[in-house]
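Notes follow the structure.
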Amino acid sequence: MLLVALLGLLFGPGCPDPKAEPDPLAGARSEMVERQIAARGVRDARVLHVMREVPRHLFVPPEQVSEAYEDHPLPIGSGQTISQPYVVAFMTEQLRLTGTERVLEIGTGSGYQTAVLSRLAAEVYSIEIRPELAAEAKGRLETFGAKNVEVRAADGFYGWPEAAPFDGILVTAAPETVPEPLLAQLAPGGRMVIPVGGFYQELKVIERTPDGFREKSVLPVRFVPFVGEAERHRADDVPR
């Protein structure tokens, strides 16, 4: 019994499996974090740790695996891309997650950003407007073991009202104006990280305060456009 107890302590939940195959790309991930992310100013120790652990190569098409740990976006099909590792880490750091939060992600894409969030928050709700990408991402996330994630194929403009409010909202496509439903679903004290703009885009961090919303621009970026209902609202803003 004592031997069984000791083995349980050594190889219980959260401990490395002694029979597991070594990860041949662990070194590439570590180098990615040091050269592309930490060297460019990301300091959150939890974010850096998770970026070293999440296998980005599992969230890109097979023909892109050789480039999975390089510092640039990659195509994932349906005209969409997976963001460069630095941008994923930077946006995640801006949420200031501690592990207890409920987070909404708009734009699941391949599921990589979702996987990163799943290791840093208590619950993650992710919306992808393209059903084929939502289905593929859901499968990858299940294989990855992200049990605290729900994925929905829907228009992210409306958010996820029945799961709101959210302590963090992260958006991976750029609307020209911030969708009002997302602002409404941000909890008091919560933070939204969202690229905003047309040809010229800025990454904004929006905080909900007792007096309303506080907004700041933190990085020039280039994301795919926010499609769906957001497009109609953009057209409504054009003077007639």
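Do you know which of the residues in region 134-183 that are of a type in the set (Asp, Glu) and assigned to a loop (DSSP other than H, G, I, E, B) is surrounded by the fewest Cβ atoms within 10 Å (Cβ to Cβ)? Result: Glu176.
Being farther than 21 Å from Gly99 by Cα and in a strand (DSSP E or B) is a property that holds for Phe213.
Give the residue that is nearest to the chain's Cα centre (by Cα), with candidates limited to residues of region 61-82 that are assigned to a helix (DSSP H, G or I) and charged (D, E, K, R). Spell out how you get there, then give the answer.
To start, the set of residues in region 61-82 that are assigned to a helix (DSSP H, G or I) comprises 62-67.
Keeping just the survivors that are charged (D, E, K, R) gives 63, 67.
Working: Glu63: 22, Glu67: 19 Å.
For region 61-82, the residue satisfying everything is Glu67.
Among the candidates Val196, Val218, the residue that is part of a strand (DSSP E or B), surrounded by fewer than 15 Cβ atoms within 10 Å (Cβ to Cβ) and either under 16 Å from the mean Cα position of the chain (by Cα) or among the aliphatic types (A, V, I, L, M) (or both) is uniquely Val218. Can you find even one residue in region 83-92 that is within 16 Å of Glu142 (Cα to Cα) and either assigned to a helix (DSSP H, G or I) or out of contact with any Gly (no Cβ under 7 Å at 6 or more places or on another chain) (or both)? Looking for residues that are within 16 Å of Glu142 (Cα to Cα) and either assigned to a helix (DSSP H, G or I) or out of contact with any Gly (no Cβ under 7 Å at 6 or more places or on another chain) (or both), one finds none in region 83-92, hence no. Tell me, please, whether a residue that is at pLDDT below 95 and either buried (at least 20 other Cβ atoms within 10 Å of the Cβ) or not in a loop (DSSP other than H, G, I, E, B) (or both) can be found in region 113-125. No; the residues of region 113-125 include none that is at pLDDT below 95 and either buried (at least 20 other Cβ atoms within 10 Å of the Cβ) or not in a loop (DSSP other than H, G, I, E, B) (or both). Of Gly159, Gly190, all but one fail to be of a type in the set (Gly, Ala, Ser) and over 26 Å from Ser78 (Cβ atoms); the exception is Gly190. Number of residues in region 167-186 that are in contact (Cβ under 8 Å) with a residue 40 or more places away in the chain and over 15 Å from Thr108 (Cβ atoms) equals 9.
Flag not set for Arg96, criterion: among the basic types (Lys, Arg), under 22 Å from Leu25 (Cα atoms) and touching a residue at least 12 places away in the same chain (Cβ under 8 Å). Among the residues of region 42-60, those identified as assigned to a helix (DSSP H, G or I), without any contact (Cβ under 8 Å) to a residue 60 or more places away in the chain and surrounded by fewer than 20 Cβ atoms within 10 Å (Cβ to Cβ) are Ala45, Leu48, His49, Arg52, His57.
The values are calculated or read from the model by the stated rules, or taken from the named source; none is laboratory data. Quantities reported herein were computed from a predicted structural model and do not represent experimental measurements. All Cβ positions, even for glycine, are placed from backbone atoms using ideal geometry, and neighbour counts span all protein chains on display.
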